[in-house]
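The values are calculated or read from the model by the stated rules, or taken from the named source; none is laboratory data. These figures come from a predicted structure and were not determined experimentally. As a convention, Cβ positions derive from the backbone with ideal geometry for all residues, glycine included, and neighbour counts pool all protein chains shown.
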Amino acid sequence: MERFIGKAITDEDLQEFKNHMFSRSFDKKTFLAETDKECKYVYFILKGACVSYYVSDKGDKIVIQFALEGNWISDLYSFFSGQPGIYTIETIEAVEVLMLNRESFEKACDRPIIDRFFRKLIQNAYVDLKYRFVKSQSEEAAVCYDDFSKQHPELVQRIPQYLIASYLGIKPQSLSRIRKESFKKI
């Protein structure tokens, strides 16, 4: 957290933050949040992997986010508004998480340093999402995959290919072809 916000966190602030969270473990293929149900938690991944996605009217999964160790994941629309969720969050691997509910989130954010941490976290997620959108609309699929694999080699190793294809906005068959062509170049 200190490295992320560029400022030291007192032991008291850190302990207070920890006091608001609790840990749980979930098996692979468990839903942490579901479309049309209120998302009551933000999750910090200690171990494992999750994916957040939207299901289109055609039944296609449109991947929004991956979260591995050290990342946060939630349906923030539902979490902050109390409205039914628009995303599903599913475990790709068995996970161990720290969970924070809305009331605890608000109490934790009473501490300016924790509020700053979450503000920067949400701000960075927003910027990354906008960047990804522009890249996916303006670059060829092969370029998008190459950038993705360079920026996130751990995801390429751990996330199923069809989910990566959805994240990049391409068909799984196209991603297979792109991967095959890139292996030929090696």
Worksheet item: Limited to the stretch 81-123, what total is found for residues that are within 14 Å of the chain's Cα centre (by Cα), among the polar types (S, T, N, Q) and part of a strand (DSSP E or B)?
Response: 2
Discussion item. Let me spell it out: the conditions are (1) free of Cβ contacts under 8 Å to residues at least 12 places away in the same chain; (2) over 18 Å from ILE62 (Cα atoms); (3) surrounded by fewer than 14 Cβ atoms within 10 Å (Cβ to Cβ), and GLU139 meets all of them except one. Which number is the exception?
Written reply: (3)
Fill in: Pick from the stretch 101-121, criterion of a type in the set (A, V, I, L, M) and in contact with a helix residue (DSSP H, G or I) (Cβ under 7 Å, 6 or more places away or on another chain), ranking: surrounded by the fewest Cβ atoms within 10 Å (Cβ to Cβ)
ILE113
Discussion item. Give all pairs with beta carbons closer than 8 Å in which a residue from the stretch 89-115 that is aliphatic (A, V, I, L, M) meets a residue that is surrounded by fewer than 16 Cβ atoms within 10 Å (Cβ to Cβ) and in a helix (DSSP H, G or I); count only pairs at least 6 apart in sequence or on separate chains.
Written reply: ILE92/ARG158
Worksheet item: Within the group VAL51, VAL97, which residue is outside the structural domain of LYS171 (by TED's automatic domain parsing), under 19 Å from TYR167 (Cβ atoms) and either modelled with pLDDT of 95 or more or surrounded by 15 or more Cβ atoms within 10 Å (Cβ to Cβ) (or both)?
Response: VAL51
Worksheet item: In the stretch 83-101, is there at least one residue being of a type in the set (S, T, N, Q) and more than 25 Å from HIS152 (Cα to Cα)?
Response: yes
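Table: residues versus (1) in contact with a Pro (Cβ under 9 Å, 6 or more places away or on another chain); (2) within 18 Å of GLY169 (Cα to Cα); (3) in the same structural domain as LEU168 (by TED's automatic domain parsing); (4) aromatic (Phe, Trp, Tyr).
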| residue | (1), (2), (3), (4) |
| --- | --- |
| GLU103 | no, no, no, no |
| ARG111 | no, no, no, no |
| ASP115 | no, no, no, no |
| PHE118 | no, no, no, yes |
| ASP128 | no, yes, no, no |
| PHE133 | no, yes, no, yes |
| TYR145 | no, yes, yes, yes |
| GLN151 | no, yes, yes, no |
| VAL156 | no, yes, yes, no |
Fill in: Of all residues making up the stretch 142-186, the number that are touching an Asp or Glu at 6+ places or on another chain (Cβ under 9 Å), within 17 Å of ALA67 (Cβ to Cβ) and surrounded by 16 or more Cβ atoms within 10 Å (Cβ to Cβ)
1
Worksheet item: Applying the selection to the stretch 138-186, what residues are outside any helix (DSSP H, G or I) and of a type in the set (Gly, Ala, Ser)?
Response: GLY169
Item to complete: With the condition kept exactly as written, say whether any residue in the stretch 26-43 is farther than 26 Å from GLN161 by Cβ and of a type in the set (Lys, Arg).
Response: yes
